[in-house]
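Please read the structure below before turning to the comments.
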Amino acid sequence: MDVLEELVRLRRSGERCALATIVEVDGSVPSFESAKMLVRQDGSIVGTVGGGLCRRRSANRSAGSHGDRQPRLLSFT
């Protein structure tokens, strides 16, 4: 399933979601700049921003942002 197609579908249906995007990479990472991951309100995801800890932390922080609808810039080492 395409991340952006699912984003449009969710927005049209009135469901909340969060979009995580890698905006900068420094060093070796399990993904690439512009990689996207959509986190639905139920916590399920479409796409990925990498594996393991980065993916899990991004999903957890994104799921927590559904209420306030504020953008966040996260940094992982």
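The values are calculated or read from the model by the stated rules, or taken from the named source; none is laboratory data. Just so we're clear, the structure is a prediction, and the values are computed from it rather than from any experiment. With ideal geometry, Cβ positions are generated from the backbone for all residues, glycine too; neighbour counts draw on all protein chains shown.
Worth pointing out:
- Check on residue 43, in contact with a strand residue (DSSP E or B) (Cβ under 9 Å, 6 or more places away or on another chain) and at positive phi: no
- Exclusive hit being assigned to a helix (DSSP H, G or I) and touching a residue at least 12 places away in the same chain (Cβ under 8 Å), set 74, 38, 53: 53
- The listed residue being at pLDDT 80 or above and out of contact with any Phe, Trp or Tyr (no Cβ under 6 Å at 6 or more places or on another chain), out of 29, 23: 23
- Pick from the stretch 26-48, criterion surrounded by 11 or more Cβ atoms within 10 Å (Cβ to Cβ) and over 18 Å from residue 10 (Cβ atoms), ranking: nearest to the chain's Cα centre (by Cα): 35
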